[in-house]
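The values are calculated or read from the model by the stated rules, or taken from the named source; none is laboratory data. What you see is a predicted model; the values in this text were computed from it and never measured. Using ideal geometry, Cβ is built from the backbone for each residue, glycine included, and neighbour counts are taken over all protein chains shown.
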Amino acid sequence: MTTTQPLEILKTTLEVSANKIKCGLNGRVLLGTLAVLAALFAVGFIPRWRANATLTSSVRDQRPTVSVISTQRPGDGASLVLPGSTQAIQETALYARTNGYVRKWNVDIGAKVEAGQLLAEIETPEVDQELNQARANVTQAIANADLARATLTRWQQLVDQKVVSSQEFDEKKSASDARAADLQVAKANVKRLEELQGFEKIVAPFPGIVTARNIDNGNLVSAGSGQTAPLFRLAQTDTLRIYVTVPQTQSRSIAPGQSATVSVREIPDKTFNAKVVRTAGAIDPASRTLLTELQLPNDDGQLFPGMYAEVKFALPQDGRTLLVPGNAVMIRSDGPKILVVDTKETIRARAVKLGRDLGDKVEIVSGLNPAESVVANPTDALHDGAEVKVQTQLLKNSDQQASAKPMEKKS
């Protein structure tokens, strides 16, 4: 057998098989061929498809994660909390009105005093001697005035008898008037020194508590309030006042007679009732705030002047507005905006109109749907149309005792 015979036999076999396939005589051969081709396709395509799917999933997992919260409707318990500092209803510094030495002090810090109570005595030897001299001058002036008046009476008789001229009588009358004026001057000087001597006694101008004492027995004190420290400080604390600055957005909600509650950190389990007594009636153009004064009774003395306090005002609410945290609002050149996440986990920017600033929350008057999920504390990297991953966060609201509902994720 020659070498070309096997090739011819193979060629003849293939031609016979092809003829049989064409004629539909051998269906199993056709199915086998298709199965082989499908297997080869699967072997080449499936790994590539898996690689593309893995790459797509990896790219999608690189989306930024954002926390979302739900909006809230304001309730009846919404309030405005402002910081303040307690002050005594009356407070004064007591200075010496005369020069001298401290003879004795009678009260110390923390002592409760009544109006007119003696606090200290000042010894003023110079004033005492000046007063004695002034009284002697009064006696001398009385004698001179009596002599001038008697002389004038005699000269009146002489001028009636035409013994002396009218000119001489007028001179005597003028001298008598001058002596009478000297007497009035001497008496006024005595009264001045007596008043000055009365300043030796330092008395309380109103009932209260001594909050400072800066003298000791024997100290030299000077009149006036120049560079010297006050002798005492006195504060009336049975009623305290608190000044707060109300933002312009809430200024229309505050009026005299309105009630408020005051709390201090040192007494966490108790609040105190205060009342608005007056407002400045004008907005400060520098801070855009309204100065407001409140007063609260303090007969039991639990509160001290100078304490830091928080004043809470109850505010009327509009049920159509929404509440969101202040850090959810983005201030842009074209106005305030809030970012929300739609059902496809895509960022959407909403232009909103702001209402009142309630401290940790802000009112949204319009532009936001209550059902939308708001992005909490958004960053500048987020923009409209960006895809994100969602992490639900609860909105705290201690005043209303309500929490936000988590967003339901939809595929």
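In this structure, is GLN156 without any contact (Cβ under 8 Å) to a residue 24 or more places away in the chain and not in a strand (DSSP E or B)? Taking the combined requirement at face value, the residue satisfies it.
Would segment 160-168 turn up any residue that is out of contact with any Asp or Glu (no Cβ under 8 Å at 6 or more places or on another chain), more than 30 Å from ASP342 (Cα to Cα) and surrounded by 14 or more Cβ atoms within 10 Å (Cβ to Cβ)? Yes, segment 160-168 contains a residue that is out of contact with any Asp or Glu (no Cβ under 8 Å at 6 or more places or on another chain), more than 30 Å from ASP342 (Cα to Cα) and surrounded by 14 or more Cβ atoms within 10 Å (Cβ to Cβ).
Name the residue, out of ARG233, ARG241, that is within 31 Å of the chain's Cα centre (by Cα) and more than 26 Å from GLU310 (Cα to Cα).
On the way: ARG241 fails: more than 26 Å from GLU310 (Cα to Cα).
The match here is ARG233.
Filtering segment 112-125 down to residues that are closer than 22 Å to VAL221 by Cα and not acidic (Asp, Glu), which residue is surrounded by the most Cβ atoms within 10 Å (Cβ to Cβ)? So the residue we want is ILE122. Scanning segment 340-359 for residues that are β-branched (Val, Ile, Thr) and part of a strand (DSSP E or B) yields VAL340, VAL341, THR346, ILE347. On inspection, LEU294 fails the criterion of being at pLDDT 95 or above, out of contact with any helix residue (DSSP H, G or I) (no Cβ under 9 Å at 6 or more places or on another chain) and under 30 Å from LEU119 (Cα atoms).
Give me a count of the residues in segment 153-172 that are among the basic types (Lys, Arg), out of contact with any Phe, Trp or Tyr (no Cβ under 8 Å at 6 or more places or on another chain) and under 30 Å from VAL138 (Cα atoms). So that I can check it myself, show each step before the final result.
Step one: of segment 153-172, the residues among the basic types (Lys, Arg) are 154, 162, 172.
Narrowing the set further to residues that are out of contact with any Phe, Trp or Tyr (no Cβ under 8 Å at 6 or more places or on another chain) leaves 154, 162.
When the remaining residues are screened for being under 30 Å from VAL138 (Cα atoms), the result is 154.
Number of matching residues: 1.
Output the residues belonging to segment 92-110 that are surrounded by fewer than 16 Cβ atoms within 10 Å (Cβ to Cβ) and more than 15 Å from SER222 (Cβ to Cβ). Selection gives ARG103, LYS104, ASN106, ASP108, ILE109, GLY110. In segment 114-132, which residue that is aliphatic (A, V, I, L, M) and touching a helix residue (DSSP H, G or I) at 6+ places or on another chain (Cβ under 6 Å) is nearest to ASN99 (Cα to Cα)? Filtering first and then ranking leaves VAL127.
Is one or more of the residues making up segment 126-137 assigned to a loop (DSSP other than H, G, I, E, B) and either in contact (Cβ under 8 Å) with a residue 40 or more places away in the chain or surrounded by 15 or more Cβ atoms within 10 Å (Cβ to Cβ) (or both)? Looking for residues that are assigned to a loop (DSSP other than H, G, I, E, B) and either in contact (Cβ under 8 Å) with a residue 40 or more places away in the chain or surrounded by 15 or more Cβ atoms within 10 Å (Cβ to Cβ) (or both), one finds none in segment 126-137, hence no. Does THR261 meet the test of being more than 16 Å from ASN273 (Cα to Cα) and β-branched (Val, Ile, Thr)? No.
Confirm whether LEU303 is surrounded by 11 or more Cβ atoms within 10 Å (Cβ to Cβ) and modelled with pLDDT under 95. Even if it seems obvious, please write down each step before you answer.
Details: surrounded by 11 or more Cβ atoms within 10 Å (Cβ to Cβ): yes; modelled with pLDDT under 95: yes.
Considered against the rule, which asks whether it is surrounded by 11 or more Cβ atoms within 10 Å (Cβ to Cβ) and modelled with pLDDT under 95, LEU303 comes out as yes.
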